[in-house]
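Structure incoming, see below.
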Amino acid sequence: MNSNTVIDLKNIYKRFYVGTPNELEILHGIDLTVSRGEFVSIVGASGSGKSTLMNIIGALDRPSLGSYTLNGTDICSAKDGELSHIRNREIGFVFQTYNLIPRNSALKNVELPMMYARMRSRSRKKRAAELLEMVGMKDRMKHTPDELSGGQKQRVAIARALANEPSIILADEPTGALDSSTGRMIMDLFHKLHREKGITIILITHSNELAEETERVLTLMDGRIISERRGSRYAEGQYSPCTQ
Amino acid sequence: MLKDNILLALNELKANKMRSLLTTLGIVIGIAAVIAIMILGNGMKRYTVDTMSSPESRRVYFFLIQKGQEDINDEQNYDDSVREMRNSDQYNVKTFEKLREKFSDRLEGIIMSYDLGTMKTGSNDINICGINPCGLKMKGTINIAAGRSITAEEYSSGKSVIMLPDKKAEMLYGSTENALGKTLECRKNNSFFNYTVVGVYHKEKESMMQDMLFGSTGEPAFVPYNNASQKPVGESCFTDFCALAKKDTDLNKLEKDLEKYINTEFYKDNDAYKADVLVLQEALDSVAMIISIMKLVLMAIAAISLVVGGIGVMNIMVVSITERTREIGTRKALGATNGNIRTQFLIEAVMICMLGCTVGVVTGLLLGKLMSSLMGISGSAEASSIVISVVFSMLFGVFFGYYPASKAAKMNPIDALRYE
Ligand SMILES: Nc1ncnc2c1ncn2[C@@H]1O[C@H](COP(=O)(O)OP(=O)(O)OP(=O)(O)O)[C@@H](O)[C@H]1O
Ligand SMILES: [Mg+2]
């Protein structure tokens, strides 16, 4: 295994038990290696198992079979507490539905991962404010999620994902609920993070257009990776730089 | 982290104000009842001690009963065929003299009181009561406001002197001072009575407890017993009377000794009747009984509402956790450990209980004060009872919050995130 490897999935199976004897196998032996600083996108039809795979990569779920090493840690044998720690420090999640904590200000939401990392109140407030400024949400820090638009919510969620300087950002259809121009803005933010901070990003998307902008495009079909190629517009840099 | 969790919990409580308040109602009632009980209990204890030293509590009752009866309340053994009571069966001045003589160390005197009822004076009504010095002691806390009290000489000779209550004196003569030395002309049916006003008294307000125990004595004008009664003590006979025991007398022993003495001295040869002596102890006991029943009822209410309240808290926590399943999933995705989640919801449950406790303590203090002032006792809460309530409600929160909090902690992050 290359020392530059962040994610190493070998022969991953995932089965759900929907009451015996109906055993539902969703992932049928996935092999996937992601190196540090890569920007990978996963595309595929609805129900092909993209989210299921993403949850395993994000240490939210365990594979039924196979081995998974993340930054050198064997996820399959890790205890719940270790998985919490890994999710807290190594991974930043961005969800399609934003998943901000209701009734908590943008600032409080961004502070959350740092709170679980036991960072002191003052320093985490400072960092949360910096992150919100970076995503262009400085003047909305005190607002609660219900006072923000979808795009604004997703920017807060991205700031939150970055809180503990994770090595990987996992984004499951982050632009799925946004109009195309707002989606564009979020995508630009990912490009900026990738380019400037060298963060590893795995993006699930239904938009081929957005997928083509990434370094590597994986196509999933019925729980198998059927193709893997370079994004057609990745090198060409056809995406516009982040504009706020 | 603790501070964050407390702020978080407060935030949630604030967001669901109505729900939080309704949830805590059981705890509010429970804690309020506990505090009120403590205040009442304290007041009662103090009141009983006070009452035990009041003259009323030293009253000794003398009744006449049939020889077959156990005591005055024994109706089962009351026999209709027994001959009617004659004057010679009754108590008279000889009884009093003997008692004064034999029990001078334990009896202060015989209580004499004769109610003349309502008389007319001009266009006003006035209640007049004949009493002796011991009798006056039974009429509540009486202070001389003007003039003087009736003298011993006036009492025994039955002089036509009168002591007015202050309100009456002001009504009749304008002021208490003005009343002194005046002659009060009274009329009842076709009889006329003239009294010289020698004093005006003020009476302290009677409490409800006092009323319950001894009955209201009102505020009549007082004249010497020997003047009021058609026949002076020496010529009368009585079917019952009261005496006043001296302070620090063992009343139960006195009761037995008196009964034995009178029955051997006066009623040994009586074919039908005997004396029955009673002390107040029993009345006090029955009041203590009422109070302890009240306490028990309140305790039961407290216990029931605390348990119901606790289950209410548990229920609302389960509801809240179900509602916030996605939030729990998100927190776990962001790195919250099972312990973090459990702590968060435990603190929330404790905060709900403490909110209920705070409202309950305030309500209980008001309720206890109100009830004790209605009953005319002065109860107060000890700081310790409040501290105990707070600690108790915290434990309550932990106890009833533990199951929902654990349920939240054990949620699978994926299932929680996928929850619709
Ligand atoms: N907990 C579960 N129990 C049973 N079946 C499940 C569970 N989670 C996922 N599945 C099934 O796994 C399959 C893949 O689901 P998944 O969410 O990974 O699809 P997806 O590729 O992300 O689809 P979409 O693009 O619509 O988000 C679906 O058929 C789904 O019903
Ligand atoms: Mg999906």
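Which value, in Å³ per residue, describes the convex hull spanned by the Cα atoms of segment B:217-332?
Given the Cα convex hull of segment B:217-332, per-residue volume reads 278 Å³.
For the protein assembly as shown, what are Rg and Dmax over the alpha carbons, in angstrom?
Calculated on Cα positions, Rg and Dmax stand at 44.9, 134 Å.
Treating only the Cα positions of segment B:55-281 as identical point scatterers, give the base-10 log of I(q)/I(0) from the Debye formula at each q in 0.07, 0.11, 0.13 Å⁻¹.
-0.26, -0.63, -0.84
Can you tell me the FRET efficiency between B:Ser123 and B:Leu21 if r is taken as the Cβ-Cβ distance and R0 is 56 Å, rounded to the nearest 0.05?
It comes out at approximately 0.45.
Can you tell which of B:Phe62, B:Phe96, B:Phe192 shows the greatest fluctuation in a Gaussian network model of chain B with Cα springs below 10 Å?
Looking only at B:Phe62, B:Phe96, B:Phe192, the biggest GNM fluctuation is shown by B:Phe192.
On the protein heavy atoms, probe 1.4 angstrom, tell me the percent of accessible surface of chain B carried by carbon and sulfur.
Reported share for carbon and sulfur atoms: 57 percent.
Note down the accessible area of A:Met221, probe 1.4 Å, to the nearest 10 Å².
Rounded to the nearest 10, that gives 100 Å².
Further, regarding this structure: On a 0 to 90 degree scale, rounded to 10, what angle separates helix B:2-15 from the longest Cα axis of chain B?
70
Then there's this: What spacing in nm lies between the two simple spin-label points modelled at A:Thr20 and A:Cys76, each 7 Å away from Cα in the Cβ direction?
Here the answer is 2.3 nm between the modelled labels.
Then there is this: Hey, if you drop one equal point scatterer on each alpha-carbon of chain B and run the Debye formula without solvent, what base-10 log of I(q)/I(0) do you get at q = 0.08, 0.11 Å⁻¹?
Each listed q maps to, in turn, -0.66, -0.90.
Still on this structure, I have one more. Quick check: the angle from helix B:17-52's long axis to the longest principal axis of chain B, C-alpha only, nearest 10 degrees?
That works out to roughly 30 degrees.
Taking 28 Å as the cut-off for C-alpha to C-alpha distance, list the pairs among B:Lys67/B:Lys159; A:Lys10/A:Lys192; A:Lys192/B:Lys14; B:Lys205/B:Lys274; B:Lys14/B:Lys295; B:Lys102/B:Lys274 that go past it.
Listed pairs above 28 Å: B:Lys67/B:Lys159; A:Lys10/A:Lys192; A:Lys192/B:Lys14; B:Lys205/B:Lys274; B:Lys14/B:Lys295.
Name the GluC sites (Glu not before Pro) in segment B:69-140 that are in a loop by DSSP and that have at most 14 other C-beta atoms within 10 Å, would you?
B:Glu70, B:Glu75, B:Glu84
Taking the Cα of A:Glu209, stepping 7 Å toward and past its beta carbon, and measuring to each backbone N in segment A:149-178: which are under 18 Å?
Within reach of a label on A:Glu209: A:151, A:173-178.
Here is a further query. Can you give the % of DSSP beta bridges in chain B that are antiparallel, to the nearest 5?
80
Averaged across the residues of A:91-103, what count of C-beta atoms belonging to other chains lies within 10 Å of each residue's C-beta?
Taking the mean over all residues of the peptide, I get 4.
Follow-up question, since we're still on this one. How much mean residue ellipticity at 222 nm does chain B get from its helices, if each DSSP H run of length 4 or more adds -39500 (n - 2.57) and you divide by all residues, to the nearest 500 deg cm²/dmol?
Rounded to the nearest 500, the figure is -18000 deg cm²/dmol.
How do A:Arg124, A:Arg230 stack up against each other in accessible area, from largest to smallest, with a 1.4 angstrom probe?
My answer, sorted largest first, is A:Arg230, A:Arg124.
Sticking with this structure for a sec: So for the pair B:Tyr78, B:Asp248, with labels modelled 7 Å out along Cα→Cβ, what separation do we get in nm?
4.1
What does the charge dipole of chain B about its Cα centre add up to, to the nearest 20 debye, if the Cβ of each Lys and Arg holds +1 and the Cβ of each Asp and Glu holds -1?
1820
Using a 1.4 Å probe, how large is the accessible area of A:Leu131, given in Å² and rounded to the nearest 10?
Solvent-accessible area, nearest 10 Å²: 10 Å².
For B:Ala383 and B:Glu153, what does the FRET efficiency come to when R0 = 45 Å and r is the distance between their Cβ atoms, rounded to the nearest 0.05?
Between B:Ala383 and B:Glu153 the formula returns 0.25.
Given H placed on each backbone N at 1.01 Å, which residues far from B:Leu280 in sequence or on other chains put an amide H within less than 5 Å of it?
For B:Leu280, whose amide H was placed from the backbone, the distant partners under 5 Å are B:Arg59.
Between B:Asp257 and B:Val308, take the C-beta separation as r, use R0 = 60 Å, and let me know the FRET efficiency to the nearest 0.05.
Once rounded, the FRET efficiency stands at 0.65.
Evaluate the relative contact order of segment B:55-281 (contact order divided by residue number), counting alpha-carbon pairs under 8 angstrom at least 6 apart; express in whole percent.
Reported as a whole number, the value is 35 percent.
Taking a probe of 1.4 angstrom, what is the accessible area of B:Tyr267 in Å², to the nearest 10?
Result for B:Tyr267: roughly 10 Å² accessible.
Select from segment B:1-43 all residues whose loss of accessible area on going from the chain by itself to the full protein assembly reaches 30 Å² or more (probe 1.4 Å).
Correct list: B:Met1, B:Asp4, B:Leu8, B:Asn11, B:Glu12.
Relative to the longest principal axis of chain B, what angle (0 to 90°, nearest 10) does the C-alpha long axis of helix B:251-265 take?
30
If the elastic network links every pair of Cα atoms under 10 Å, which of A:Lys192, A:Lys142, A:Lys79 fluctuates the most in the Gaussian network model of chain A?
Result for chain A, Cα springs under 10 Å: A:Lys79 fluctuates most.
Could you give the nm distance between label points at B:Leu395 and B:Asn87, where each point is 7 Å from its Cα heading toward the beta carbon?
7.2
Using all Cα-Cα distances in segment B:119-235, what percent lands in each 10 angstrom bin from 0 up to the longest?
P(r) for segment B:119-235, in whole percents per bin: 14, 46, 33, 7.
For the protein assembly as shown, what is the percent of antiparallel DSSP beta bridges, rounded to the nearest 5?
70
Just to be sure I understand: with springs between alpha-carbon atoms less than 10 Å apart, which residue in B:Asn315, B:Asn270, B:Asn190 has the highest mean-square fluctuation in the Gaussian network model of chain B?
Maximum among the listed residues: B:Asn190.
The values are calculated or read from the model by the stated rules, or taken from the named source; none is laboratory data. Because the structure is a prediction, the values reported are computed rather than measured. As a convention, Cβ positions derive from the backbone with ideal geometry for all residues, glycine included, and neighbour counts pool all protein chains shown. Ligands, DNA and RNA are excluded from the accessible area calculation, which covers all protein heavy atoms including side chains. Shrake-Rupley method; radii C 1.70, N 1.55, O 1.52, S 1.80 Å.
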